[in-house]
Amino acid sequence: MRRYVRPMIPVIILYLTLLLVGLSSESRWQPVAFIMFYIALGQALNMFLGMTGYVDFGYVAFLALGSYGMALAFSSFSSLGLWVILLGFVLAIIMSSLLSLAVGAIALRLRGAYFAIATIGVNEGFRYLVEGVRLWGGSEGIIISSTMKDIFGSDLSNYISTFVADIMVFVIGFIAAFLTVYIINSRIGYALMAVREDEDAARVMGVFATKYKIMAFAMSAIFAGLIGASAWTLKLTYVFPEDVFNITYTVEAIAIVMLGGAGTLTGPIMGGLIYGFLRYYLSTVLPGFQLLVVAPLLVLIVTIFPEGVMGYVKRKVRNTRFEKYII
Amino acid sequence: MPLLELDGVSKRFGGLIAVNDVSLKIEKGESFGIVGPNGSGKTTLFNLISGIYRPDSGRIFFDGQEITELPPYRRAQLGIGRSFQIPRPFKGATVRENVAVGALFGTLSGKIDVDSALEIADHYIEVVGLHEKRNDEAERLTAVEKKLLELARALAMKPKLLLLDEVVAGMNPKDVDRVVDLIKRVKEEEEIAVVAMVEHVIPAVMKFAERIMVMHEGRKMVEGPTLEVLMMDEVAMVYFGESKLPGE
Ligand SMILES: Nc1ncnc2c1ncn2[C@@H]1O[C@H](COP(=O)(O)OP(=O)(O)OP(=O)(O)O)[C@@H](O)[C@H]1O
Ligand SMILES: [Mg+2]
């Protein structure tokens, strides 16, 4: 039990601090929610990239499918009332996990670099499918704001998209952290560690590498889908293919994981915090130029801490009494 | 029925036949040595047995079933453990975590939990003498310690057949003695068949193996009781060219 509880303490402290800062004044909620999105995104991708070392350039497709799952629940099952949100999350899980199983079963037989190349096409392919055959509203997307008002009334709708959706992202991120601790300490975690460090050695030691890679991929995809469903569909009340299939989010997610420390528990939280904070404040100080400043800053941090900020901290606390708290 | 049987196994890389029509039987609990000069195909043979490569022709049987087409992880779970010539530790993980992987996914795969695996790991870490380093990251070990880690990881798999690729290469004579003794001891205690291959450290082979096979340019040259084989003129030829054994 202690091996699950102790590593969660820094996570709980970080999450609580963030929540309290967000609730402390009206104007702070937006930046906190913005940062929280990146934290949750980093944690979701960390389950795959961090655990296996495999890079997925099509990752944003899982967020996209999750956001479509939620939108489809609203557009097709509005008679369910409040339950429609639950159905939306279920659809998000089903759609993102199905895509991950389809892609994973084929591409995860490949090794690292070949996998990365194979995934580049997935996201663009899906986007052209949606726009080309006019699936799910084609390039016009799905707008759920009026359905939402019909179901919930405008006050509740407003409350959902300005507060509940953000809280959901918070909860999803927190559950992701908990699952990560569990995985790291389990058989699955040992298998993934072995695959990440040396796949051939892992195989001759009895690790069914492909199976564990697919498991990590599917879990990571499901969390991405849940984030898409709440941070995009519930919050923005619309889904447009050019927004949700935007490769920028894939790149940002990778940057966050590397920045914070791939495969660590607190790494993606720290990475999301640093990245989200920089992006938010630079966009108010230097609108339009934020990437010009963020990019070199990231390069600088990754140069100083090649294993990411928390990867560095984790190494530093090894063999001290803090070692059980930072994993 | 032998524990391991190779039946006319061959593997080519482009124009090169790295393993050429090798047949071999290893009995349960046997200690078998494979010697041969550089590039004679020893490592390739191990890769064929552990499943990293599939043979181009020939068949492989283990413990009563054909494994020619089985993937490496299945063979490991059936009881084939191996070490790598160039150690391949999970660098960022601790010694304990490294060895626990063997326990979790070897022949006990699915039968034990993480805590029992860590106990097994601690046992074999003690056996190979890495106890003081058990919480260190594997990448910080010395070259000799990494070889010992390879051994502990393979032992923790509780294999029926242990393939050791040059475990004692690069060790000083004292370490060689210690490691050979410990392999012999564990082998007796756990009734593991051990196939060890070495390029040169002949004294170690003599001390350890009951039977040996000499490989030359991918082929099995001779096979038989260790001393007998090492006395053969043609074996000396392979190692020392035209000249005779030193001292003759
Ligand atoms: N993956 C590969 N691709 C191409 N050629 C290979 C490959 N693996 C081995 N070879 C070649 O096959 C031959 C046998 O190599 P192998 O490593 O099995 O020899 P060895 O007896 O283990 O030698 P050493 O004593 O140097 O370890 C060599 O000529 C080697 O270059
Ligand atoms: Mg070799």
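None of the figures in this text is laboratory data; all of them are computed from the coordinates on show. Remember, predicted model here, so these are calculated numbers, not experimental data. With ideal geometry, Cβ positions are generated from the backbone for all residues, glycine too; neighbour counts draw on all protein chains shown.
Things worth noting here:
- Each Lys or Arg adds one and each Asp or Glu subtracts one; over the other residues with Cβ under 11 Å from the Cβ of B:Ala121, this totals -2.
- Value at 222 nm in deg cm²/dmol, rounded to 500, when DSSP H runs of n ≥ 4 in chain A each add -39,500 (n - 2.57): -24000 deg cm²/dmol
- Shape summary of segment B:89-158, radius of gyration then Dmax from alpha carbon positions: 10.7, 33 Å.
- A helix-only calculation puts chain B at -11500 deg cm²/dmol for mean residue ellipticity at 222 nm, using -39500 (n - 2.57) for each DSSP H run of at least four residues, averaged over all residues.
- Local electrostatic count, B:Glu228, Cβ distance below 13 Å [Lys/Arg +1, Asp/Glu -1]: -3
- Neighbour-count order for B:His123, B:His216, B:His131, fewest beta carbons within 10 angstrom listed first: B:His131, B:His123, B:His216
- A straight Cα-to-Cα reach below 24 Å connects B:Lys160 with the lysines B:Lys25, B:Lys28, B:Lys42, B:Lys111, B:Lys146, B:Lys147, B:Lys184, B:Lys187, B:Lys207, B:Lys220, residues fewer than 8 places away in its own chain not being considered.
- Inter-chain neighbour count for A:183-194: the average number of beta-carbon atoms from partner chains within 10 Å of each residue's beta-carbon is 4.
- Relative intensity, log₁₀ I(q)/I(0), of chain A from a Debye sum that treats every alpha carbon as a point, q = 0.09 Å⁻¹: -0.46
- Cα lying deepest toward the dipole's positive end in chain A, options A:Ala194, A:Ser75, A:Ile247, charges on Cβ: A:Ala194
- Taking chymotrypsin sites (Phe, Trp or Tyr not before Pro) across segment A:231-292, the ones in a DSSP loop with at most 13 further Cβ atoms lying within 10 angstrom of their Cβ are A:Phe289.
- Order of B:Val176, A:Val195 under a 10 Å beta carbon neighbour criterion, fewest first: B:Val176, A:Val195
- Rounded D (µm²/s) - segment A:1-125, Kirkwood Rh over Cα pairs, Stokes-Einstein at 10 °C, 1.306 mPa s: 93 µm²/s
- The protein assembly as shown: Rg to Rh, with Rh as the Kirkwood radius over Cα pairs: 1.08
- Acute angle (nearest 10 degrees) that the helix A:209-227 long axis makes with the longest principal axis of chain A, alpha-carbon atoms: 40 degrees
- Put in line by how crowded their Cβ is, counting other Cβ atoms within 10 Å and starting with the fewest, A:Met1, B:Met215 read A:Met1, B:Met215.
- Per-pair calculated FRET efficiency, R0 = 22 Å: A:Val21 and A:Ser283 via Cβ, rounded to 0.05: 0.75
- Average partner coverage of B:93-100, which counts Cβ from other chains inside 10 Å: 3
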